[in-house]
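Here the structure is laid out as structure tokens; the discussion comes afterwards.
The values are calculated or read from the model by the stated rules, or taken from the named source; none is laboratory data. Since we're looking at a predicted model, the values are computed, not measured. A quick note on method: Cβ atoms are made from the backbone with ideal geometry, for glycine too, and the neighbour counts reach across all protein chains shown.
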Amino acid sequence: MDNRPIGLLDSGVGGLTVVREILRQLPNEEIVYIGDTQRAPYGSRSNEQITAFTWDMVNFLLSKNVKMIVFACNTATAVALDEVRAALDIPVVGVILSGASSAIQKTVNKKVGVIATQATINSEQYRKVIQFKSSSVEVLSLACPDFVPLVESNQVDTEAAKNIVAETLKPMVGKVDTLILGCTHYPLLRKLIQKEMGQDVQLIDSGSETVRDVTVLLNYFALNGEERDSIRHCFYTTGDAGAFQVMADRWLGAGKIRAEHTELSSERTLLIATRNDGKTQEFKRLFEEFGYKIKNLKDYPELPDIKETGMTFEENARLKAEQIAAITGQVVIGDDSGLCVDVLGGLPGVWSHRFAGPKPTDEENIAKLLHELASTAITPERRTAHFHTTLVAAYPGHESLVVEADWQGRIGLTPQGKNGFGYDPIFLVGESDRTAAQLSAEEKNTASHRGQALQKLMAELPKWLESLKK
Ligand SMILES: O=c1nc[nH]c2c1ncn2[C@H]1C[C@H](O)[C@@H](COP(=O)(O)OP(=O)(O)OP(=O)(O)O)O1
Ligand SMILES: [Mg+2]
């Protein structure tokens with residue numbers, strides 16, 4: 001016996017069709033549900049985004065001490081189930097296997113249709129599972145990207161819904177005897193779908209099939225809840241609790257559950273669009289002070305290299321932050337920085353990284369700069385320079401936040417010190433004779449261009465993050 005709750009996750013309200021079955025079939029189980037309504041629909045998003053969002057929900061459920069997690073979302077199952085299952089030591093159940101197995105049992109003419117979101121269809125998971133289990137079954141797939149928005153906006157009874165369902169299902173009508181509703185939102189459109197497909201076609205509700213597998217697992221791992229007087233289910237949405245409540249009352253019965261708004265804690269993790277370890281180390285310490293954890297692009301090896309084609313620091317910082325934000329759907333911080341030497345008219349500047357060639361080492365860049373200065377700038381007054389950083393915070397569909405800062409100094413005659421990175425060993429700080437590479441990490445962060453820029457960013461970031469929600 002185990003009275004801990006079962007955790008359910010979904011991109012929005014669709015998972016309520018699974019909840020309805022759990023309440024019916026497993027009355028001794030307490031439920032914690034998280035619907036990411038704020039960021040729904042998931043079906044048209046990239047796999048990286050879906051995986052990141054799914055992890056946010058998984059971590060939220062783990063913080064509620066769940067004994068099992070049910071992916072009540074086909075899209076999350078298709079894209080992220082295997083990764084999450086491999087990482088956790090509690091059972092993790094998805095909706096695809098159960099729906100596929102049931103369809104194989106029910107089809108007579110061995111022609112099974114699957115309707116689902118674009119991401120689920122692209123993943124080919126239903127086809128793979130069905131044909132692995134029964135190679136003689138033919139699978140016809142169809143993405144229905146307009147269905148989830150209809151359900152999430154509570155429009156399932158409208159004339160518009162009828163037309164959209166009829167138009168979308170045209171390629172499927174008459175071709176199959178069994179149709180998998182491969183998205184937990186679709187049972188809410190069941191009547192319309194049944195009418196279009198014809199009364200003889202068997203509709204498989206992937207969610208309710210899943211609850212049978214949940215029952216089996218609860219028994220197998222001896223995780224069943226005890227019969228008790230009152231069970232308090234908890235339902236959370238990242239969107240508007242009132243709108244979620246209306247949907248829940250409608251599909252589960254009035255007053256069955258109470259919906260609450262919540263934030264997912266990923267908002268405290270920021271992705272820095274850099275592959276530079278030196279920068280990352282500095283950001284890690286700096287952001288920690290403000291209670292943020294950070295990740296960089298090395299945590300996402302599949303993301304592309306962003307070409308720094310801009311002529312200014314701001315252009316390049318925007319390119320890095322805005323492109324990675326568009327792909328991942330997260331808040332992303334970009335840093336473009338460099339060393340500007342006065343006697344060289346501000347060079348190497350935006351070309352600091354590529355000063356000595358396309359992929360130079362820090363030592364090669366330093367050697368090239370010392371060489372450039374050797375004949376023209378002999379006295380210290382002629383060797384003045386500053387580091388510059390421009391930081392950009394970006395989020396898809398929103399105006400970016402831009403801040404910048406400089407750090408004055410001079411270029412030394414030979415490299416000194418082992419700390420820091422890049423040009424630090426030849427950057428004499430201010431009027432002093434110590435290089436940035438001779439400072440401790442803390443000393444550098446307090447004074448540096450990056451440290452100053454981050455202070456400015458943090459003065460504005462909370463307000464900017466708040467504006468993203470509107
Ligand atoms: O505090 C610093 N101390 C020493 N050198 C520094 C610093 N800050 C920037 N720098 C130099 C290193 C690099 O040569 C160039 C940055 O080029 P920049 O394109 O912004 O960075 P990057 O290519 O190394 O990494 P990424 O683009 O993935 O963020 O300026
Ligand atoms: Mg770069």
Count - residues of region 284-328 that are buried (at least 18 other Cβ atoms within 10 Å of the Cβ), among the basic types (K, R) and farther than 24 Å from G346 by Cα: 0
Of residues in region 94-129 being under 18 Å from V214 (Cβ atoms), of a type in the set (A, V, I, L, M, F, W, C) and touching a Ser or Thr at 6+ places or on another chain (Cβ under 6 Å), the one surrounded by the most Cβ atoms within 10 Å (Cβ to Cβ): V95
Given the conditions (1) farther than 30 Å from L270 by Cα; (2) in contact with a Leu (Cβ under 6 Å, 6 or more places away or on another chain); (3) within 16 Å of ligand 2 (Cβ to nearest atom), which single one is not true for G409? (3)
Can you tell me which residues in region 352-378 are in contact with a strand residue (DSSP E or B) (Cβ under 9 Å, 6 or more places away or on another chain), within 16 Å of ligand 2 (Cβ to nearest atom) and assigned to a helix (DSSP H, G or I)? N365
In region 321-334, is there at least one residue being within 12 Å of ligand 2 (Cβ to nearest atom), at negative phi and not basic (K, R)? yes
Residues of region 220-264 being part of a helix (DSSP H, G or I), over 20 Å from F71 (Cβ atoms) and not β-branched (V, I, T), in sequence order, are A241, G242, A243, Q245, D249, R250
Pairing a residue in region 108-129 that is within 21 Å of S44 (Cα to Cα) with any residue that is in a strand (DSSP E or B) and among the β-branched types (V, I, T), where Cβ atoms lie under 6 Å and the two sit 6 or more apart in sequence or on different chains, gives V114/I180; Y126/V114; R127/V139
Picking from H261, H233, the residue that is free of Cβ contacts under 8 Å to residues at least 60 places away in the same chain, at negative phi and more than 16 Å from ligand 1 (Cβ to nearest atom) would be H261
Report, by residue number, each residue of region 401-422 that is crowded, with 16+ Cβ neighbours inside 10 Å and either of a type in the set (A, V, I, L, M, F, W, C) or under 16 Å from Q281 (Cβ atoms) (or both). L401, V402, V403, A405, W407, I411, G417, N419, G420, F421, G422
May I ask you to list pairs of residues, at least six apart or on different chains, whose Cβ atoms are under 9 Å apart, with the first in region 315-329 being over 16 Å from K295 (Cα atoms) and the second being in a helix (DSSP H, G or I)? E315/V350; N316/V350
Can you tell me which residue is surrounded by the most Cβ atoms within 10 Å (Cβ to Cβ) among those in region 250-282 that are β-branched (V, I, T) and away from ligand 2 (no atom under 13 Å from the Cβ)? I257
Just give me the residues in region 265-306 being of a type in the set (D, E, K, R), within 12 Å of ligand 1 (Cβ to nearest atom) and in a helix (DSSP H, G or I), in sequence order. D277, K279, E282, K298
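Does region 379-411 hold any residues that are in contact (Cβ under 8 Å) with a residue 24 or more places away in the chain and not in a strand (DSSP E or B), and which are they?
Listed by number, the residues that qualify are P380, R382, R383, Y395, P396, H398, S400.
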Limited to region 335-351, what total is found for residues that are within 11 Å of ligand 2 (Cβ to nearest atom) and in a helix (DSSP H, G or I)? 2
Failed item, numbered, when N154 is tested on (1) in a loop (DSSP other than H, G, I, E, B); (2) modelled with pLDDT of 95 or more: (2)
Please go through region 337-346 and give me each residue that is touching a residue at least 24 places away in the same chain (Cβ under 8 Å) and more than 8 Å from ligand 1 (Cβ to nearest atom), ordered by number. C340, V341, D342, V343, L344
Given the conditions (1) out of contact with any strand residue (DSSP E or B) (no Cβ under 6 Å at 6 or more places or on another chain); (2) within 30 Å of I324 (Cβ to Cβ); (3) at pLDDT 95 or above; (4) crowded, with 19+ Cβ neighbours inside 10 Å, and given that Q438 satisfies all but one, which numbered condition is not satisfied? (2)
